[in-house]
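What follows is a single structure, written as structure tokens, with notes after it.
The values are calculated or read from the model by the stated rules, or taken from the named source; none is laboratory data. Model, not experiment: these values are computed from the prediction. All Cβ positions, even for glycine, are placed from backbone atoms using ideal geometry, and neighbour counts span all protein chains on display. These area figures cover heavy atoms from the full protein model, side chains too; ligands, DNA and RNA do not enter into them. Shrake-Rupley method; radii C 1.70, N 1.55, O 1.52, S 1.80 Å.
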Amino acid sequence: MTTAATIPADQLAELANADTQRLAARMAQDVFAGVFRQAAAGDGTPDVGVLGEVASQCANWCRAGGSDEARALRLALLIGGLDQWGLAYTQAFGLTAIHPLTALIGGLRTRLDAREEALFQKYFEQLDAVESDAIDFKVDLRRGIHLALWHAMAACESSEQVEAIVQTLGSLMVALDQKMPLLGWRLIADALANIQIGLLSGQSPASPLAQEGTQQLFASLRHALPDERYQAILAHSGQAVVAWQQAARNRAH
């Protein structure tokens, strides 16, 4: 994302390298997508059989860590990611709860003995408290959440629906900037660059509502963030878009 000199070292990289962190972010996204579909499809009552199977898969992946600490960190990454997906979607879609998600997280936690729970809690809190720890996980996780909400916004059929999701997306980004004063703006820039690339590449819907919602998002961030911070985000995301355009031109020749 930037030179190593400007970012504190990731203290958790020895327990979970960048590839493991990115895999945890993807797993959290995939698991949440399945759980959310289950919540939307039925009456919201968790399907115990399906959730049990998903919980077993998650637990097996966590157990593949090379030590008690690595296993606890994997679980903290997964549950932390699921928590953030759940929070974003309950806000965006006005939900009071996502019952299958609550049941799944509860099922994963109840498998732990006292020592495992203490280790899990330690890493769960560290992820929240130290913004540079598991930074590769955080970048991929937030990119996934922000892009998923943007895609949902682009698929909306009314300005009111667009506005509700844009408001959530903007508030999530502003809260991220406040919570991660050193690195949060870079995560926001990454998401905005990917949104712009989505529009430019034609891979994402470029409907008038999608373009309008994207403009609203940029305007709300410009209004909510300090000007210096907003300009830094624009410059950073702009560089990423230009690099993508250059790479696309090179591939075409």
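First compute the accessible area of segment 1-126 with a 1.4 Å probe, then give the percent of it belonging to carbon and sulfur atoms.
54 percent
Can you give me the C-alpha center-to-center distance between segment 115-165 and segment 20-37, rounded to a whole angstrom?
Computed from Cα coordinates, the inter-centre distance equals 11 Å.
Quick check for me: using +1 on Lys/Arg Cβ and -1 on Asp/Glu Cβ, what's the dipole size of segment 100-253 about its Cα centre, in debye to the nearest 20?
Roughly 400 debye, rounded to the nearest 20.
Please list HIS99, HIS253 from largest to smallest accessible area, probe radius 1.4 Å, with all protein chains kept in place.
HIS253, HIS99
What distance in nm separates the simple spin-label points at ARG63 and GLN231, each placed 7 Å from Cα in the Cβ direction?
Calculated label separation equals 5.6 nm.
Can you find, among LEU209, VAL241, SER158, the residue farthest towards the positive end of the dipole of segment 155-253? Put +1 on the C-beta of Lys and Arg, -1 on that of Asp and Glu.
Looking along the dipole axis, the top candidate is VAL241.
Compute the distance from the alpha-carbon center of segment 55-80 to that of segment 222-253, in whole Å.
35 Å
Let me spell out the model: positive unit charges on the Cβ of Lys and Arg, negative unit charges on the Cβ of Asp and Glu, origin at the Cα centre of segment 3-86. What dipole size does that give, in debye rounded to 20?
120 debye
In a shell of Cβ-Cβ distance under 11 Å around ALA16, excluding ALA16 itself, what net charge do Lys and Arg (+1) and Asp and Glu (-1) give?
-3
Where only protein heavy atoms count, and the probe is 1.4 Å, what is the accessible area per residue for the chain in Å²?
In whole numbers, the chain has 50 Å² accessible per residue.
Here are some values of Cα extents along the principal axes in Å: (i) 50, 49, 41; (ii) 53, 46, 29; (iii) 76, 36, 28. Which one was computed from this structure?
Here the calculated entry is (i).
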